[in-house]
Amino acid sequence: MEQNIHGGVDLPVEGVDISHTLQGKRVAVLMTDGVEQVEYTGPRGFLEQQGAQVILISPKAVGEEVQGMNHDKPGDKFKVEMNVKDAQPADFDALVLPGGEENPKLLRKDADSVAFVRNFYEADKPIAAICHGPWVLIDAGIAESKNLTSYPEIQDDMRAAGAEWVDQEVVIDEKLITSRKPDDIPAFNDALFKALRVDAQGADMGPSS
């Protein structure tokens, strides 16, 4: 597999021509300071390569910067493209929650961010969370009775919230997609692609009679 310009991995989907197959799709990435950089750049680069539009949403103001991390070392900074207060689930087809320990800790304390995740779930749209990102699902009240994974160190928190925690690279429970760590990004991207692809195919079919 080749590294793409965003730092992610170009992941082929078997038997499918994935070039621009997500054209017209809009994906929100909710994050703030302390985000694990590759868990943002990897999925974003992959989705954009397939034609999707990706928007960085944050509790920070538009134009402010989010500090990325490469494990415990500062990485790049990324400009906020939309404040979470202005974001509406109806305007997006999927939501990505990257990890990094500090990023979800801060999001969990932000009422607007938690409400956005909850409203996204209630809108029955795909939510993909990786590493420490699933922490936010707890505060949004959507982890209970769900099959989920996460960074192994927070599995006790996930179980305490009522989730069925599973140790595998990607776990799909209806519209929820979760993964454990950066090594799982190819499987994470594949699952998100397929969730968006299914929605696109449904849209192509038009309303049922």
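To keep it simple, each residue is scored yes or no on (1) open to solvent by less than 40 Å² (accessible area, probe 1.4 Å); (2) of a type in the set (A, V, I, L, M); (3) modelled with pLDDT of 95 or more.
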site	(1), (2), (3)
126	yes, no, yes
140	yes, yes, yes
173	yes, no, yes
183	no, no, yes
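Please note which helices (runs of 4 or more DSSP H) are completely contained in the stretch 94-209 and include at least 2 residues that are touching a helix residue (DSSP H, G or I) at 6+ places or on another chain (Cβ under 8 Å) and aromatic (Phe, Trp, Tyr).
Qualifying helices (runs of 4 or more DSSP H): 111-122, 185-205.
Exactly one of (1) open to solvent by 60 Å² or more (accessible area, probe 1.4 Å); (2) assigned to a loop (DSSP other than H, G, I, E, B); (3) hydrophobic (A, V, I, L, M, F, W, C) is unmet by residue 90. Its number?
Single failed check for residue 90: (2).
Kindly evaluate residue 61 against the criterion of being small (Gly, Ala, Ser) and outside any strand (DSSP E or B).
Answer is yes for this residue.
When residue 16 is evaluated against the numbered criteria (1) open to solvent by less than 10 Å² (accessible area, probe 1.4 Å); (2) at pLDDT below 95, which criterion, by number, is the only one it fails?
Residue 16 satisfies all of (1) open to solvent by less than 10 Å² (accessible area, probe 1.4 Å); (2) at pLDDT below 95 except (1).
Considering only residues that are closer than 20 Å to residue 187 by Cβ and either of a type in the set (A, V, I, L, M, F, W, C) or touching a His at 6+ places or on another chain (Cβ under 7 Å) (or both), which ones fall in the stretch 151-172?
Of everything in the stretch 151-172, those that are closer than 20 Å to residue 187 by Cβ and either of a type in the set (A, V, I, L, M, F, W, C) or touching a His at 6+ places or on another chain (Cβ under 7 Å) (or both) turn out to be 151, 154, 158, 163, 165, 166, 170, 171, 172.
Given the conditions (1) open to solvent by 10 Å² or more (accessible area, probe 1.4 Å); (2) farther than 25 Å from residue 47 by Cα, which single one is not true for residue 135?
(2)
Matching residues to (1) in contact (Cβ under 8 Å) with a residue 40 or more places away in the chain; (2) among the aromatic types (Phe, Trp, Tyr); (3) out of contact with any strand residue (DSSP E or B) (no Cβ under 8 Å at 6 or more places or on another chain); (4) over 26 Å from residue 158 (Cβ atoms):
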| site | (1), (2), (3), (4) |
| --- | --- |
| 36 | yes, no, no, no |
| 49 | yes, no, yes, yes |
| 83 | no, no, no, yes |
| 93 | yes, no, no, no |
| 103 | yes, no, no, no |
| 114 | no, no, yes, no |
| 123 | no, no, yes, no |
| 130 | yes, no, no, no |
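Out of 139, 167, 184, I need the residue that is among the acidic types (Asp, Glu) and more than 19 Å from residue 35 (Cα to Cα). Which one?
167
Does residue 51 satisfy being farther than 17 Å from residue 186 by Cβ, at pLDDT 95 or above, part of a loop (DSSP other than H, G, I, E, B) and under 14 Å from the mean Cα position of the chain (by Cα)?
Taking the combined requirement at face value, the residue does not satisfy it.
Of the residues in the stretch 55-87, how many are open to solvent by less than 10 Å² (accessible area, probe 1.4 Å) and either over 22 Å from residue 122 (Cβ atoms) or in contact with a Cys (Cβ under 8 Å, 6 or more places away or on another chain) (or both)?
Looking only at that region, the number is 4.
Touching a Leu at 6+ places or on another chain (Cβ under 8 Å), within 13 Å of residue 36 (Cα to Cα) and either in a strand (DSSP E or B) or of a type outside the set (S, T, N, Q) (or both), is that true of residue 78?
The answer is yes for residue 78.
The values are calculated or read from the model by the stated rules, or taken from the named source; none is laboratory data. The structure displayed is predicted, hence computed values, not measured ones. Quick reminder, even Gly has a Cβ in these numbers, built from the backbone with ideal geometry, and neighbours come from all protein chains shown. For accessibility, only protein heavy atoms count, side chains too; no ligands or nucleic acids. Shrake-Rupley method; radii C 1.70, N 1.55, O 1.52, S 1.80 Å.
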